[in-house]
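The block underneath contains the structure these notes are about, expressed in structure tokens.
What follows draws every value from the coordinates through simple rules; no lab data is involved. None of these values were measured; they are calculated from a predicted model. Glycine gets a Cβ as well: all are built from the backbone with ideal geometry, and neighbour counts include every protein chain shown.
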Amino acid sequence: MSEQLSTLLQDARIWQGHRQSRAHQPAEPTGYQTLDNQLGGLGWPRGALSECLLEHCGIGELHLVLPLMQRVAAQGRMVFWLNPPHTPYAPALAREGLDLDKVVVIHTDDPGDFLWTLENCLRSPVTGLVMAWPGRLASRDIRRLQLAAEAGDNVCVLFRERRFAEQNSPAALRLELVPGEHQDLKVNIVKRRGSWPGQRCTLAMHHRADLALEEAPRVVRGPWPNAAR
Amino acid sequence: MLWLYLHFPHLLLDHVRRSQKLDQALVIVDAVGQHVLQACPEARDLGIQPGMRLKTALGLSPELHLLQSDSRQEASLLEEQARWLYHYAAHISLSPPDGLWAEVSSLQRLYGGLSAVWQTVEQALNDRQLTAWAALGQTPRGARLLARAGKGECTADKGHLQRALESLPLTALELDATTHKRLQRLGLVRLGDVWALPPAELARRLSPELLASLQKIQGTRPDPLPAWQPPPRFRQRADFVQEVEHTQGLLFALQRILAELEDDLCWRQQDTDTLLLVLEHRHEENTRLRIRTTGPEHRADQFLKLIRLKLDQQPLRAPVTGLVLAVKRFTGREAPVSQDLLGDNQDLNEAWHTLISRLQARLGEQAMAQLSPQADHRPEFAWSASQVTQNPARHGIALDTLPRRPLWLLRKPTPLADTPVAWFGGPERISAGWWDGRRVHRDYYVARLPEGQLAWVFRDNQDAWYLHGWFG
């Protein structure tokens, strides 16, 4: 009996308030050591939903997922982009060494199709990573997705607006992404399974536009004054 | 030589009844709509007999379902039967409108005896819910006579077959009325009586044609039959007497056809990736659906899943009176290539095809794309989207020569609304496209916008500022 109890206690889904347990859940390293440390040495949970909450595109949110994307594609599994807000730019992805044969972009028109597609992708063994931009989602739908994610063994990252950080969600990992001063990315952990949230870290993201680390912004004066519209 | 003859007494009736569960009795009427040709058991219970006038039949049961026979349809139905019989026998010949010959003497060794052949055919008939009267004969015509008389037996004994033929009444010969009457007046009632006459006298007194046909039955005159060859495509139809308004009704009929297709594909050792499904409506144009799988496929349940998805997406426009499933393109079946010892690859390959086919069936082929870089300096032409395939063509662009680009590209450049707070890289001048009329002349910069995003912006030659990408 006590043996069963102790295995139960080691399960990440049981919270033990007094200590941060070594969580036993399958996960994929994020590729950013700082963030992995904050996440208890784990990373993106497999077989569960992750959420990235952000205000605007272009703050380094894709670069946050890029190491995982590269690794998954190199393992020969598929990376699905579901309803991305802009065009994933193939030359840039190819330059990052991502195997584009493993990347499929899907656009769906109505929300029913979106959920259906996401569920199907999550349940398939060929899928390694699904990135989805759901827009508006009812909490019932998120629960449905969470169940679908549990059925598979892959990483699912939902990109949602930052205002949803206030609402609760069944996702296993929730990260709030805020741009920092030096083109870096501040990550606040809003929720994580098996431990207390609230950790923060800052990831350097200047390499995404080939900027030198300490490059002071050069103010280009010349073309500007009469052209700002 | 030993011949097997299959006589289908009510092929059209069987064909209709197996694709739909009817709540009323069904009869087949002749082309002019005067007489009942075939009646289903329920109709016969009501007292309706084949050969009865249609008016009488309707008097007996006003609710009767009627179907007019159509010689073209019967011919194609007979071909359908020949197609599956061809799986079992090599030499097949058609006997329109309702019979098939198969040469069986050469099959006995393959199947291990005549009774095994007989059972195989009977089993196949049962599986297809068909009624057929089978008979064996030393000559094709002998087999036909016995089958049509319902006297077929599983025996190759010459004497026995001979006696069975001799005891057939003259009516079984289906002679023209005058000849039949003359023979009757001579006091001949059985086939054996006619055979007993001296051939020379028979030809002189009656007609040489009669003698020829009798000799062909007997086997003393050659009677070669043309061998039927299966067409190189698959085509099966189902007809509905009661119009089908729900998808479920179609699936019932499709299940059988798809099982038949699977059989056929297995027998051909081929796969297919395109099915054509035509739904016929009474008053409207036919609905044509193309069902595509991403890879070669032969399993009925996979096809059925895709068709179900397709039909869910596309509700029926009008009630359906008939459907045709056709396959024209076949691909060779490849032996499973397992690249590792554990055979994991095969499963993944399979799963990939299943997933992509499902998505394509529901969302349409346009909804999914695979990306590749293109050799062009203009950012909007430096990438392309293509249909999803497992092994796309290589783009052949050296990756290390690609310039730094943002991960997000906007669908169209949008006018820059906010004043950037900081400027980084740039300018990078891109001037190209003078050769195809889509001229691009821009200076690109990397800029930081007030909300903290890194943007890829450009100024065109009219000094207007646009946003073209995000460094995501």
If one takes the longest principal axis of the Cα atoms in chain B, at what angle in degrees, from 0 to 90 and to the nearest 10, does the Cα axis of helix B:140-149 lie?
80
With unit charges on the beta carbons (Lys and Arg positive, Asp and Glu negative) and the dipole taken about the Cα centre of chain B, which residue among B:466, B:403, B:257 sits farthest to the positive side?
B:257
Explain nothing, just the number: relative contact order of the stretch B:155-197, from Cα pairs under 8 Å at least 6 residues apart, as a whole percent.
47
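Considering only DSSP beta bridges whose two residues both sit in chain B, what percent are antiparallel, to the nearest 5? Show your work: numbers first, answer last.
Details: 68 of 72 bridges.
Restricted to chain B, the bridges split so that about 95 percent are antiparallel.
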Going by alpha carbons, how many degrees (0 to 90, nearest 10) lie between the helix axis of B:114-127 and the longest principal axis of chain B?
50
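Could you tell me which GluC sites (Glu not before Pro) in the stretch B:123-223 are loop residues by DSSP with no more than 15 other beta carbons within 10 angstrom of their beta carbon? Walk me through the numbers before you get to the answer.
On the way: sites: B:153, B:166, B:174, B:201, B:209; in loops: B:153, B:174.
Counting only loop positions with at most 15 other Cβ atoms within 10 Å, the GluC sites (Glu not before Pro) in the stretch B:123-223 are B:153, B:174.
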With labels modelled as points extended 7 Å from the Cα through the Cβ direction, what inter-label distance (nm, one decimal) is found for residue B:70 paired with residue B:385?
4.2
Backbone N within the stretch B:83-101 under 20 Å of label point (7 Å from residue B:333 Cα along the Cβ vector):
B:83-90
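Per DSSP H run of at least 4 residues, take -39500 (n - 2.57); add these up for chain B, divide by its residues and hand me the 222 nm value, nearest 500 deg cm²/dmol. Intermediate results must be reported in sequence, preceding the final value.
Values: 15 runs with 162 residues, N = 472.
Result for chain B: -10500 deg cm²/dmol, rounded to the nearest 500.
Relative contact order of chain B: what whole-number percent is it, with Cα pairs under 8 angstrom and at least 6 residues apart? Numbers along the way, then the final one.
Numbers: 747 pairs, mean separation 48.6, N = 472.
The value is 10 percent.
Would you mind getting me the FRET efficiency between residue B:182 and residue B:35? Use the beta-carbon distance for r and R0 = 30 Å, nearest 0.05. If you can, show how the numbers build up before the last one.
Working: r = 28 Å, r/R0 = 0.93.
In this case the efficiency is close to 0.60.
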Measure off 7 Å from each Cα along the Cα-to-Cβ vector at residue A:161 and residue B:233, then give the distance between these two points in nanometres to one decimal.
5.3
Restricting to bridges with both residues inside the protein assembly as shown, how much of the DSSP beta-bridge set is antiparallel, in percent to the nearest 5?
75
Fully extended contour minus Cα-Cα distance, from residue B:461 to residue B:171, at 0.36 nm per residue:
94.6 nm
Percent relative contact order of the stretch B:354-395, based on C-alpha pairs within less than 8 angstrom and at least six residues apart?
35
Hand me the GluC sites (Glu not before Pro) from the stretch A:143-209 located in a DSSP loop with no more than 14 other Cβ atoms within 10 Å, in residue order please.
A:166, A:181
Candidates A:30, A:87, A:117, ranked by Gaussian network fluctuation over chain A, Cα under 10 Å, top entry:
A:87
Set B:21/B:305; B:151/B:181; A:191/B:310 screened for pairs whose C-alpha atoms are more than 30 Å apart
A:191/B:310
Between residue A:37 and residue B:18, how many nm apart are label points set 7 Å from Cα along the C-beta direction?
7.3
To the nearest 10 degrees, the tilt of helix B:344-363 (Cα long axis) against the first principal axis of the alpha carbons of chain B is 90
Unit charges at the beta carbon, dipole of the protein assembly as shown: most positive-side option, B:419, A:35, B:91
B:91
